[in-house]
Amino acid sequence: MTNIHFIVQLTAALILFAGCTHGKNPGMNVNSNAFENNGLIPGKYTCDGDNVSPQIAWSNGPGRTKTYVLICDDPDAPSKIWVHWLIYNIPSTVLEIPENTPNIKGAVYGTNDFGKTAYGGPCPPDGTHHYHFKIYALDSGLSLDSGAPKEELESAMKGHILAHGELTGKYARNR
């Protein structure tokens with residue numbers, strides 16, 4: 001085999017390998033019809049409005065996806081990362097949470113930092129805060145009771161994440 005043939009075959013193998021995502025967490029597309037990524041969250045979805053959950057949708061996870069997890073938190077909170085919404089064991093057939101949905105059949109709700117197992121909208125004490133709506137595709141369901149806090153949820157997810165995606169919204173109160 002000539003050097004040119006070897007280089008061509010090696011290049012083709014590298015191109016095929018570069019497209020492989022085995023062992024990685026490929027990204028998922030997460031979006032909302034309420035706001036764009038890095039856009040402003042309308043007041044309706046905050047403590048200054050109706051405090052209803054926004055519509056959140058995501059792309060299909062990898063073929064081995066058994067369940068999804070949603071974590072919404074605010075890393076700009078003054079004392080800690082503030083948890084606004086936790087949902088786990090979302091069935092793999094569910095790819096959207098409609099606006100103001102109190103329950104998703106088969107899903108389990110964790111306890112947010114407002115002490116509730118429901119959505120708690122943005123309510124920053126000062127300045128503009130960023131709210132991260134993160135979706136994780138898992139290879140299994142999680143053996144957690146209803147009301148689990150974020151720390152327990154994240155611990156249970158370890159080793160089961162197939163893919164993830166994120167949508168970020170911003171909000172500042174008008175005072």
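What follows is calculated from the coordinates using simple rules that are stated; it is not laboratory data. Keep in mind that this is a model prediction, so the values were computed, not measured. Note that we place each Cβ from the backbone using ideal geometry, even for glycine, and neighbour counts take in every protein chain shown.
In a simple Cβ point-charge model (Lys, Arg +1; Asp, Glu -1; nothing else charged), segment 25-171 has a dipole of about 380 debye relative to its Cα centre. The order of I81, I71, going from fewest to most other C-beta atoms within 10 Å of their C-beta, is I81, I71.
Contact order, relative form, for segment 25-171: 33 percent (alpha carbon pairs under 8 Å, 6 or more residues apart, mean separation divided by residue count).
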